[in-house]
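Okay, structure first, notes after.
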Amino acid sequence: MVSANKKRVLITGITGQDGGHLAKLLHGKNYEVFGLIRGQNNPKREATIKEYPYVTLIEGDVTDYSSLIRAMQVAKPDEVYNLAAISHVGHSFKVPQLTSDVTGKGVLNMLEAIRVTDLENKVRFYQASTSEMFGGLEYNRPKNGYNEESSFHPRSPYGVAKLYGFWITKNYRESYKMFAVSGILFNHEGERRGLEFVTRKITNAVARIKLGKQDFIELGDLWPKRDWGYAGDYVEGMWRMLQRDEPKDYVLATGETHSIEEFLSLAFKEIGIDDWKPYVKQNPAFMRPAEVDLLLGDPSKAERELGWKRKVDFPGLVRLMVKSDLNIESKKI
Ligand code: GDP
């Protein structure tokens with residue numbers, strides 16, 4: 001039963017990592033949650049229904065404008081969170097045009113669908129922008145980390161498409177006075193992260209090595225550094241951005257940066273292995289045509305104005321992920 005006085009939310013990208021965390025958070029805050037689900041016979045449908053039975057799924061695709069109009073008419077949302085994207089940097093080099101259509105133009109489609117259906121201009125819109133827009137090169141890297149004023153230099157088709165999404169969101173805010181904001185989120189990980197991302201790839205392999213199911217892990221470069229936080233903390237920041245009186249963009253980050261090697265070392269320590277080197281092989285297939293060297297965010301504006309701060313620290317994140325993968329892998333045959 002859909003209640004008349006509950007706040008209503010439409011989440012695109014409901015089957016992804018952040019979609020699940022956000023659905024859970026907003027359900028807990030008594031929202032009626034609608035999620036846009038892509039494709040015929042989507043393999044993630046059953047798992048999503050099982051884990052988030054309170055979400056009403058609406059079939060659609062951010063590349064199909066007409067489906068977004070329909071989703072707006074069905075959900076009648078107060079808030080829209082656009083989390084749908086081809087979100088893997090490495091993959092975006094392999095499908096650059098599709099990435100532009102989904103991760104870039106998809107944002108415009110969603111904004112237009114809101115603009116033409118929301119005649120009172122009441123809907124609040126969140127765009128999932130990313131630290132990948134900064135590019136991590138030395139010349140544009142502020143000492144205390146990237147902030148809302150830093151310059152952009154994306155290094156992948158994903159980063160370029162996300163930058164389009166960032167600017168078109170800003171443009172709709174300025175042109176049509178929409179409450180449309182971007183959260184510029186640094187890497188956020190956790191037990192729901194896809195196995196194609198390096199953190200989860202490592203924690204899953206570490207669990208399997210511990211259980212004798214795997215002998216080693218193949219990785220690309222280990223020197224890049226990232227500002228890694230816990231996804232569960234970050235969705236709270238997204239929600240806070242839409243509760244403000246004024247629409248503004250915010251960086252969410254931990255303010256710390258760590259190399260993949262550091263992540264590896266902590267993950268192996270969790271299973272009692274101090275020397276991880278015998279278990280890791282380098283494979284150029286996992287290296288990228290252009291690399292983002294170092295990402296470090298400065299979350300001070302979000303801390304000041306949203307009262308947001310990450311709760312889970314770096315060792316806590318690694319621990320949580322290894323523990324979860326040990327649990328998952330030990331239940332599998
Ligand atoms: P990203 O920061 O959004 O690109 O998140 P990823 O988790 O995909 O990658 C983080 C960093 O890990 C990048 O610098 C990758 O080049 C590096 N990396 C090294 N080996 C791997 C690997 O096997 N898989 C992935 N996904 N990344 C790797």
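The values are calculated or read from the model by the stated rules, or taken from the named source; none is laboratory data. What you are looking at is a predicted structure, and each value in this text was computed from that prediction instead of being measured. Positions of Cβ are backbone-derived with ideal geometry, glycine not excepted, and every protein chain shown enters the neighbour counts. Surface areas here come from the heavy atoms of the whole protein model, side chains and all, with no ligands, DNA or RNA. Shrake-Rupley method; radii C 1.70, N 1.55, O 1.52, S 1.80 Å.
Within the range 207-226, does at least one residue satisfy the condition of being crowded, with 22+ Cβ neighbours inside 10 Å, farther than 20 Å from ILE328 by Cβ and over 13 Å from the mean Cα position of the chain (by Cα)? Working first, answer last.
Looking only at the range 207-226, we keep the residues that are crowded, with 22+ Cβ neighbours inside 10 Å, and these are 207, 226.
Now restrict to residues that are farther than 20 Å from ILE328 by Cβ: 226.
With the extra rule that they be over 13 Å from the mean Cα position of the chain (by Cα), the set shrinks to 226.
Taking every residue of the range 207-226 in turn, at least one turns out to be crowded, with 22+ Cβ neighbours inside 10 Å, farther than 20 Å from ILE328 by Cβ and over 13 Å from the mean Cα position of the chain (by Cα).
Among PHE197, PHE152, PHE134, which is the only one that is within 15 Å of the ligand (Cβ to nearest atom) and surrounded by fewer than 18 Cβ atoms within 10 Å (Cβ to Cβ)? Spell out how you get there, then give the answer.
Values: PHE152 fails: within 15 Å of the ligand (Cβ to nearest atom); PHE134 fails: surrounded by fewer than 18 Cβ atoms within 10 Å (Cβ to Cβ).
Answer to the selection: PHE197.
How many of the residues in the range 227-263 are without any contact (Cβ under 8 Å) to a residue 60 or more places away in the chain, part of a helix (DSSP H, G or I) and open to solvent by less than 30 Å² (accessible area, probe 1.4 Å)? Counting residues in the range 227-263 that are without any contact (Cβ under 8 Å) to a residue 60 or more places away in the chain, part of a helix (DSSP H, G or I) and open to solvent by less than 30 Å² (accessible area, probe 1.4 Å) gives 0.
Report yes if VAL62 is farther than 17 Å from GLY165 by Cβ and of a type in the set (Val, Ile, Thr), otherwise no. Walk me through it before giving the result.
Working: farther than 17 Å from GLY165 by Cβ: no; of a type in the set (Val, Ile, Thr): yes.
Against the criterion (farther than 17 Å from GLY165 by Cβ and of a type in the set (Val, Ile, Thr)), VAL62 does not qualify.
Matching residues to (1) more than 10 Å from the ligand (Cβ to nearest atom); (2) assigned by TED's automatic domain parsing to the domain that holds ARG173; (3) closer than 30 Å to VAL33 by Cβ:
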residue: PHE216; (1), (2), (3): yes, no, no
residue: LEU222; (1), (2), (3): no, no, no
residue: ARG244; (1), (2), (3): yes, yes, yes
residue: PHE263; (1), (2), (3): no, no, no
residue: LYS269; (1), (2), (3): yes, no, no
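In summary, ASP61 fulfils each of the numbered conditions (1) open to solvent by 40 Å² or more (accessible area, probe 1.4 Å); (2) not in a loop (DSSP other than H, G, I, E, B) with the single exception of condition (2). Looking only at residues of the range 107-116 that are without any contact (Cβ under 8 Å) to a residue 60 or more places away in the chain and either within 16 Å of the ligand (Cβ to nearest atom) or not acidic (Asp, Glu) (or both), we find that the one that is least open to solvent (accessible area, probe 1.4 Å) is ALA113. Residue pairs whose Cβ atoms lie under 6 Å apart, separated by 6 or more positions or on different chains, with the first residue in the range 74-97 and under 24 Å from THR199 (Cβ atoms) and of a type in the set (Phe, Trp, Tyr) and the second within 16 Å of the ligand (Cβ to nearest atom) and open to solvent by 30 Å² or more (accessible area, probe 1.4 Å), are PHE93/PRO289.
Here the range 78-98 is the region considered, the condition is being away from the ligand (no atom under 16 Å from the Cβ) and farther than 18 Å from GLY20 by Cβ, and the residue that is surrounded by the fewest Cβ atoms within 10 Å (Cβ to Cβ) is GLN97.
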